[in-house]
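In what follows, a single structure is set out as structure tokens and then discussed.
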Ligand SMILES: Nc1ncnc2c1ncn2[C@@H]1O[C@H](COP(=O)(O)OP(=O)(O)O)[C@@H](O)[C@H]1O
Ligand SMILES: [Mg+2]
């Protein structure tokens, strides 16, 4: 009897605890969504429902422009980093060479180094070789910090990869390119997709590195918001944030489904 | 022997300083079932991979259908491989796996689906086309791997321990199926295994390898009954081996030998006085007697009898500590444990193996050999 009650209490506490954790994680997001529909401009009380802020946001060209820049930078840098990172991961998996462990270590440095150091370093390189600051320089900067993340996720996927699968394809008449495009890449695709999603989100909300490497006319969404916050956040920023939250949710969902499907097919092989 | 379809001439393979295939010479006849048998690490897989084109030999020549293949990529060679790990494509269903080779050769779609169906029925997997490898049992994956290889009508099929991961019962069944398939298709099979029983029951010929060296190649009966080296005698089946020096021979080829603990007798067509040889005699040919037998001076004590169904296995310890195994057919009388007996055999049942090195063997250290050593090879 007693024991059962104890178990019931245990079960309850763990439920309550998880609920609190989720509340902690999602309450701020809920507040943003809620206030994007608030008639009052001051974010203290919810006074009534309105879509005005969405309309206002649609008319705020500076905000939209910055958002467009963010998407552009994230899209292009993710594409470049994914290609480079995937090739690097495959090469490191496939070939043994001297100094491989040093190269390995070098990949971790950009991940653990304080971002501000990386930002300054990139800025000094750009000014050293006279690269004009703008979207281009920002894309290059984002690619640098994205690559290690792609390499890590792709390599994790490759660690269980049986090399004789590639041999088998070649044995059946596929040349090296067909082996890569028809066999290896499809098998490690879940790793590539999750690496790309991670890289994309890192790029979208990057502030520090973007701050150092951006030009005067190419501000990004996070930078723009930083600028706006100084004079108090207006609810049209909440409106755009709400749309971003929704979009993020959809992207994560889709990528999870893809990875899950691919995993289901290839378990235990 | 039929025409050779694969020829391996003086092939050596080094991985760095590691010499893993040593001076290999082998001819594989068209249509035969050849097993490469040997312990793990002896170079079987490496040999197979050199034929398939995944590894390049360091020295020597390999020809397939009379053509040298060293400059051909794996996808240009008319051989196919069944891999030890099956190596199925996890992201493709069974049909796409099996069809892969034909797609690469740009065969027309209707022909592909017809041949896939054929291949699947040949390995008894009709109706499994839509499944993914992860949804199949080990035995079924094995069948897919075989279907995927034979659909291409290769002239030579290379199989690397294809049944290694299956349980005993399935293994036996697949052995029969594979052998039947090979007969039906008439494809040359090069079958790598470390299981001597499997090699003996399935093969037309067996190549026994040890430490990168081809020890013997021949039909199963010869490998079993006339092992050419000590390793082969030891590795194939159970055997009792004696180190001995050849002393004298009579006109019928019966040879008297001196072993560490006394004289023994065998038959040898290549008698050479004073040569150090190995004498190998199978447990089922080894006999026990209560009274001494002329020509044999092996006295021992029965340690134990183990009943294993069709036979009883008796272990006898000789005076020098050597263990001798004797297999008594069911129904024959079994000696009591602890009893003292004489070990002997029919001279024609003993195989004499001429030791290649001709070196004085360690076991003879304490024996006075002066009268025999002269004239040793
Ligand atoms: N890619 C390789 N690199 C270095 N050594 C290898 C490689 N493949 C095999 N070896 C070595 O070659 C020897 C023979 O291996 P293998 O042909 O796989 O033996 P088997 O198939 O008979 O078990 C082993 O000692 C193994 O460690
Ligand atoms: Mg092997």
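We did not get these values from a lab; they are worked out from the coordinates using the rules stated. Computed from a prediction, not measured in an experiment: that's the story for all the values here. All Cβ positions, even for glycine, are placed from backbone atoms using ideal geometry, and neighbour counts span all protein chains on display.
Key figures
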| quantity | calculated |
| --- | --- |
| Residues residue B:250 and residue B:2, FRET efficiency given R0 of 35 Å [Cβ-Cβ distance, rounded to 0.05] | 0.30 |
| Simple spin-label estimate for residue B:221 and residue A:13 in nanometres, 7 Å along Cα-Cβ | 8.0 |
| Rounded FRET efficiency, nearest 0.05, which uses the C-beta distance separating residue B:180 from residue B:304 and R0 of 41 Å | 0.50 |
| Test item: A:171-181 mean partner chain Cβ contacts at 10 Å | 6 |
| FRET E, pair residue A:249, residue B:170, Förster distance 35 Å, beta-carbon r, rounded to 0.05 | 0.15 |
| Within a Gaussian network of chain A (alpha carbon springs, distance under 10 Å), most fluctuating of A:151, A:252, A:143 | A:252 |
| Sorted by Cβ neighbour density within 10 Å, fewest at the top, the residues B:179, B:72 | B:72, B:179 |
| Two-site label geometry, residue B:339 and residue B:65: point separation in nm, points 7 Å out along Cα→Cβ | 6.5 |
| Packing-based exposure ordering (other Cβ within 10 Å, fewest first) of A:185, A:116, B:324, B:352 | A:116, A:185, B:324, B:352 |
| Ratio of the Cα radius of gyration of the stretch B:181-248 to 2.2 N^0.38 Å, where N counts its residues | 1.31 |
| Mean-position separation - Cα centroids, the stretch A:1-40 and the stretch B:193-247, in angstrom | 72 |
| Candidates B:162, B:220, B:90: whichever shows maximal mean-square fluctuation once chain B is modelled as a Gaussian network with Cα springs under 10 Å | B:90 |
| D_trans [Stokes-Einstein, Kirkwood Rh over alpha-carbon pairs] for the stretch A:118-193, 25 °C, 0.890 mPa s, µm² s⁻¹ | 162 |
| Cβ neighbours within 10 Å from other chains - mean over A:160-168 | 6 |
| Spatial extent of the stretch A:161-205: Rg and Dmax, with the Cα atoms as the point set, Å | 14.2, 46 |
| Binned Cα-Cα distances of the protein assembly as shown, short to long, each 20 Å bin given as a whole percent | 14, 31, 27, 18, 9, 2, 0 |
| Rounded, prolate or oblate (a/c below 1.5 giving rounded, otherwise prolate when a/b exceeds b/c) for chain B by Cα gyration tensor | prolate |
| For chain A, built as a Gaussian network whose Cα springs stay under 10 Å, the top-fluctuating residue of A:228, A:20, A:71 | A:20 |
| Kirkwood hydrodynamic radius of the stretch B:104-206, from inverse mean 1/r over distinct Cα pairs, in Å | 14.6 |
| Kirkwood estimate for the stretch B:238-366, i.e. one over the average of 1/r between Cα atoms, Å | 15.1 |
| Rg to Rh quotient for the stretch A:163-263, alpha carbon positions, Kirkwood Rh | 1.21 |
| Inter-site label distance for residue A:129 and residue B:40 at 7 Å from Cα along Cβ, in nm | 5.1 |
| With 5 Å bins from 0: P(r) over chain A, alpha-carbon pairs, percent | 1, 5, 9, 11, 13, 13, 12, 11, 9, 7, 5, 3, 1, 0, 0, 0 |
